[in-house]
Amino acid sequence: MGATAANEPKSEISNYVKLNIGGSLFYTTVTTLSKLDSKLRDMVLSEAAQNAETLESEGWVFIDRCGKHFGTILNFLRDGTVPLPETCVEISEILAETKYYGVTELHEACEQALQKKRNRNTNITWVTLITSQNEAQKLISVSSKPVVKFAINRHNNKYSYTGASDDNLLKNIELFDKLAEKHKERGLFIKDVIGSNEICCWTFYGPGGAVKKVAEVCCTSIVYATDKKHTKVDFPETRILEETMNVMLLDTRINKSVQEHELIEATSSSNSNCRCSCSSQWSDLQWENSTTSTL
């Protein structure tokens, strides 16, 4: 019997793998885990990962790590690429997990993404903070760029806010910061945090005082619920983006309009000179004919 047992072939590892990462459950395959040479592959597929201490009774391979970003690591192994989060904190968390699991390629991608964000955030000011309307008017009147002014003051409210208002306030703030970063070379972005009576309001101006206020998007309204007034804050993202694009193009439109006006004047002047010259030549011709006829 002993010889028979010794000659029995070892059971092959199934292509399907069940992972328990700190309580978060994931299904994957040996093929996916084997795409890259990593510590994760060795942890799961090695003999040590198949012993009784690591392999649970139902076939789950347990790894004592947080499973928050493990799905990102799996997707990277599957596709060879994966979108990274926007915040440095989350990218740093993924960086720590890739270091533990030995996924070198994703580790390097996280380091590069963090370095880009550090370089972009060094010594750059995208938003001008103001505390009075006089400051705003001076900046708007002298700016050679289009202006986007964002007035935000949560404490201006007389009533209680509706349920989604706080989230929408944050979304408006985040959108303003993103637009200020994206269009910092084309426009002046002003954030009014004290001087305005508005709770959440976007105002758009043309450059250099040549154009007055061209648009305004007020994000607050008063609603009634259970016989009480409440302040509602909306997040009209589409309209805000549309007005921002319109005002960014306004500087180009003004320059083009001036050029067209100068071209019209030059053309009119040229046509006028031409008409005068033709009239003069016609008069000389008539005089010569008249003289010839008299003779």
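Please check which bits of region 194-236 a label hung off residue 129 would reach, taking the label as a point 7 Å along Cα-to-C-beta and the cut-off as backbone N under 11 Å.
Those under the cut-off are 194.
On a full-extension model of 0.36 nm per residue, what is the gain between residue 177 and residue 68, subtracting their alpha-carbon distance, rounded to one decimal in nm?
Length difference between fully extended and current span is 36.5 nm.
Taking 0.36 nm per residue of separation and subtracting the Cα-Cα distance, what length does fully extending residue 162 through residue 58 add?
Extra length available between residue 162 and residue 58 comes to 32.7 nm.
Round to the nearest 10 and report in Å² the accessible area of residue 196, as given by a 1.4 Å probe over the protein chains' heavy atoms.
20 Å²
Could you please state, rounded to a whole Å, how far the C-alpha centre of region 72-123 is from the C-alpha centre of region 177-200?
30 Å
May I ask you to rank 86, 174 by accessible area, largest first, using a 1.4 Å probe over the protein chains only?
86, 174
Calculated FRET efficiency, residue 104 and residue 245, Cβ-Cβ r, R0 35 Å, to nearest 0.05?
0.25
Please work out how many pairs of lysine residues in region 156-219 are eight or more positions apart (or on different chains) and have Cα atoms closer than 23 angstrom.
The result is 13.
What distance in nm separates the two pseudo spin-label positions at residue 111 and residue 223, each 7 Å out from Cα along the beta-carbon direction?
Label at residue 111, label at residue 223, 5.0 nm between them.
Sort region 134-204 into rounded, prolate or oblate with this rule: let a ≥ b ≥ c be the square roots of the eigenvalues of the Cα gyration tensor; rounded if a/c is under 1.5, and if a/c is not under 1.5, prolate when a/b is larger than b/c, oblate otherwise.
Oblate, because a/c is 1.5 or more while a/b does not exceed b/c.
Rolling a 1.4 Å sphere over the protein heavy atoms, what is the accessible area per residue of region 153-252, to the nearest Å²?
Heavy-atom SASA per residue in region 153-252 reads 56 Å².
When the solvent-accessible surface of protein heavy atoms is calculated with a 1.4 angstrom probe, in what order do 162, 87 fall, highest first?
From most accessible down to least: 87, 162.
Ignoring any ligand, DNA or RNA, what whole percent of the accessible area of region 93-220 comes from carbon and sulfur when the probe is 1.4 angstrom?
Values: 3390 of 6910 Å².
That fraction is 49 percent.
Amide H neighbours of residue 29 under 5 Å, at least 5 residues apart or on other chains, H built in the peptide plane: list them.
17
How would region 122-172 be classified by its alpha-carbon gyration tensor: rounded, prolate or oblate, with rounded meaning a/c under 1.5 and the a/b versus b/c comparison settling the rest?
Taking the square roots of the gyration eigenvalues as a ≥ b ≥ c, region 122-172 is prolate.
The values are calculated or read from the model by the stated rules, or taken from the named source; none is laboratory data. Small disclaimer: the values here were computed from a predicted structure and weren't measured. Backbone-built Cβ (ideal geometry, glycine too); neighbour counts: all protein chains shown. SASA here: full protein model, heavy atoms, side chains in, ligands and nucleic acids out. Shrake-Rupley method; radii C 1.70, N 1.55, O 1.52, S 1.80 Å.
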